[in-house]
Structures are given as C-alpha cells and as structure tokens.
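Asks: One structure follows; several queries about it will come next.
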Amino acid sequence: GSGRVATTLVEGDWHYITVVNNAATSTTRMYNNGELVATGSGFTYGTGVNSHFKLGANNDNGSEFFYGVLDDVKVYNYARTTEQIAKDYLAVRGEWVCNNESYDLPYDFNGDCRVDLGDFVIFAAAWLDSFRIYPD
C-alpha cells in the first residue's frame, strides 16, 4: 500500500529493524541491521476506528500478522537520521554499516561499500575485453 516498506527477513536470524516515518516530508524509510533497504511515500495510519499505531500487524483491521518475536521496541517522537540508526545497530553488533542513503561509489564493483583491491581485480579482469565485431 501507500508508504509501505519491506525487507527480507531470514527465519531464525536476529534482525535489527528500524522504520522512520517523517510526517514533515511524507516519507518512510526502513532499515535492516542499520542499512537502508527500502523507502516509501504517502504513509498514513488510515481513517478507520481501529486505525492506531500497531506492532506486528498491518492494515486497519490488524491483519497480516508478523510471526516472530519483538524485543526492545522504541518509539521516538521525531524522525531519526541514518547515522543515529547505524550507531544504535553498531552498539549492539559492533560491525560496520554501509550508508546506503549517501552511497555513491561508482567503482565499488563488488558492493562491499569501499573501493579496494577486490574492486580493481574485477575491473582488471575485463580490462582488455572487446565486444566489437569486425568484418572478415
């Protein structure tokens, strides 16, 4: 529906899911393990009698249930930034997070959020390839 965002969750794995609804810009962003995975616009709570904030269900009638366990739920009265969300995740997992919202690395061929020797290997592997067809 309008403003819906989604991500793939792996059954049996722990996930740090964050959803930010910015009413001022009418945008919704979803993060999985600190990284932006989806955006949407036009989110509303609906107009029905049961149109309230819900966790673990979707739609006005409370259907489309989430079959899992929710823990350590936090609700803020302001839209959190990408950096705040990443730092919250890092405080729990201690790894690193790629800032997909500002991500602009045209030479990151392997998608690991940095340009390094691994990207050069991918680039160099096709360095002299030519797909031109010449007359006989």
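The values are calculated or read from the model by the stated rules, or taken from the named source; none is laboratory data. Note that the structure is predicted; figures quoted are calculated from it, not measured. Virtual Cβ from ideal backbone geometry, glycine too; neighbours counted across all protein chains shown. SASA here: full protein model, heavy atoms, side chains in, ligands and nucleic acids out. Shrake-Rupley method; radii C 1.70, N 1.55, O 1.52, S 1.80 Å.
Asks: Calculate, in nm to one decimal, what Ile122 and Leu55 gain on full extension: separation in residues at 0.36 nm each, minus their alpha carbon distance.
Replies: Extending this stretch completely gives an extra 19.8 nm.
Asks: Go through 18-27, 126-135 and give me the packing order, highest mean Cβ count within 10 Å leading.
Replies: 18-27, 126-135
Asks: Can you put Asp71, Asp136 in order of accessible area, largest first, using a 1.4 Å probe?
Replies: Putting Asp71, Asp136 in descending order of accessible area: Asp136, Asp71.
Asks: Ordering Tyr16, Tyr107 by how much accessible area each has at a 1.4 Å probe, largest first, what is the list? Intermediate results must be reported in sequence, preceding the final value.
Replies: Numbers: Tyr16 50, Tyr107 145 Å².
Descending accessible area places them as Tyr107, Tyr16.
Asks: Can I ask one more? Take the alpha carbon atoms of the range 111-126, find their center, do the same for the range 15-39, and report the distance between the two centers in whole angstrom.
Replies: The range 111-126 and the range 15-39 have Cα centres spaced 29 Å from each other.
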